[in-house]
Amino acid sequence: MTDYLAQKYLRPRKIPNTACSGCGLGQLHKAVVKAIDELGLGIHDVVWGTSIGCTGRQTFATWRGDCFAGTHGRVYAMATGLRLGLALEKKIILTVGDGDAFGIGLHHLLNAARRNVAMTVVVGDNLGYQSTGGQYSWSTPQGAVTDSSPYGMREPNWIQDGRDILAMLREAGATFLARHTSLEGESLAQTVKQALVNNGFSLIHVPFPCVTNFGGTALGSREPVEMFRWMMGGIGELWKTGVYYDRSNSRPEFTELVRSIPTAPLGGLPHG
Ligand code: SF4
């Protein structure tokens, strides 16, 4: 994070954060803050939330403006409630992990997409449950050795064999979907800007290097350069990157829809 961005947007006592040395989270974090800055937004224009795990813990609480944390997988429902009470021009950004978004919270996530609730979800994907020691998750590459798959993960994940979690979110009703690894910092920042100007549900999937657990166990090296090289090789192979779907501002946002419905007395549903 450049000094300029850190001084302008982040809490001094939270810098540096407690991520492991060489972790790719810093790249993700910087891209999101850079996007905020380039859109001319201030600390009072954004509410930043998370659930639990490395991705959220290292990002949301650094924000000098309003921030909040939910229980695992539930932050999308909390953000929906918050959205209903918040001024429409305020942005909600959620930085969450792969287990949170694509596992335990998937049901809530799909319903936020269905409702087209204006929020930007940045899924920082460290390829497993890394804050608890490195167990496999719904996005771990098949065959990877992890703490809970010592002979290699057998089950297929959400992003292989022609399957893509982004396709499911598109079907659910999301209006902006993209994927970049954290190594593609400038592209990621520009895509976050696109996501933030969509008055609806946006999600960006961001695989990033976990040098400590995934690197150490699946790749046999905690050297950041080894993990970064492996991830670069995975672009196009493991992860198709770029804007996946953009129907920004194409259908009503949930809060506006709710507020536009005239209050009817009980039993006052319209007749056919
Ligand atoms: S455990 Fe992995 S993802 Fe978590 S902070 Fe360390 S390197 Fe980053």
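Computed values, structure above
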read-out: Of residues in segment 124-177 being under 21 Å from LEU109 (Cβ atoms) and of a type in the set (Lys, Arg), the one modelled with the lowest pLDDT; value: ARG163
read-out: Residue that is farthest from the chain's Cα centre (by Cα) [pool: residues in segment 1-39 that are of a type in the set (Ser, Thr, Tyr) and more than 15 Å from LEU196 (Cβ to Cβ)]; value: TYR4
read-out: Matching option when the condition is without any contact (Cβ under 8 Å) to a residue 24 or more places away in the chain and not in a helix (DSSP H, G or I), among THR71, THR95; value: THR71
read-out: Residue within segment 14-34 that is more than 16 Å from the ligand (Cβ to nearest atom), touching a helix residue (DSSP H, G or I) at 6+ places or on another chain (Cβ under 6 Å), under 26 Å from ARG179 (Cβ atoms) and among the charged types (D, E, K, R) present; value: yes
read-out: Long-range neighbours under 6 Å by Cβ, at least six apart or interchain, first residue over 18 Å from MET119 (Cβ atoms) and touching a residue at least 60 places away in the same chain (Cβ under 8 Å) within segment 183-212, second among the basic types (Lys, Arg) and away from the ligand (no atom under 16 Å from the Cβ); value: ALA189/LYS34
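Results for (1) among the hydroxyl-bearing types (Ser, Thr, Tyr); (2) buried (at least 18 other Cβ atoms within 10 Å of the Cβ); (3) over 23 Å from SER248 (Cβ atoms), shown as yes or no for each residue.
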{"site": "GLN142", "(1), (2), (3)": "no, no, yes"}
{"site": "THR146", "(1), (2), (3)": "yes, yes, yes"}
{"site": "SER149", "(1), (2), (3)": "yes, yes, yes"}
{"site": "TRP158", "(1), (2), (3)": "no, yes, yes"}
{"site": "LEU166", "(1), (2), (3)": "no, yes, no"}
{"site": "ALA172", "(1), (2), (3)": "no, no, no"}
{"site": "PHE176", "(1), (2), (3)": "no, yes, no"}
{"site": "THR181", "(1), (2), (3)": "yes, yes, no"}
{"site": "ILE204", "(1), (2), (3)": "no, yes, no"}
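Results for (1) more than 19 Å from ARG170 (Cα to Cα); (2) crowded, with 20+ Cβ neighbours inside 10 Å, shown as yes or no for each residue.
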residue: THR50; (1), (2): yes, yes
residue: THR55; (1), (2): yes, yes
residue: THR59; (1), (2): yes, yes
residue: GLY65; (1), (2): yes, no
residue: GLY73; (1), (2): yes, yes
residue: ALA79; (1), (2): yes, yes
residue: ALA87; (1), (2): yes, no
residue: GLY103; (1), (2): no, no
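The values are calculated or read from the model by the stated rules, or taken from the named source; none is laboratory data. Please read these numbers as outputs of a predicted model, since none were measured by experiment. Note that we place each Cβ from the backbone using ideal geometry, even for glycine, and neighbour counts take in every protein chain shown.
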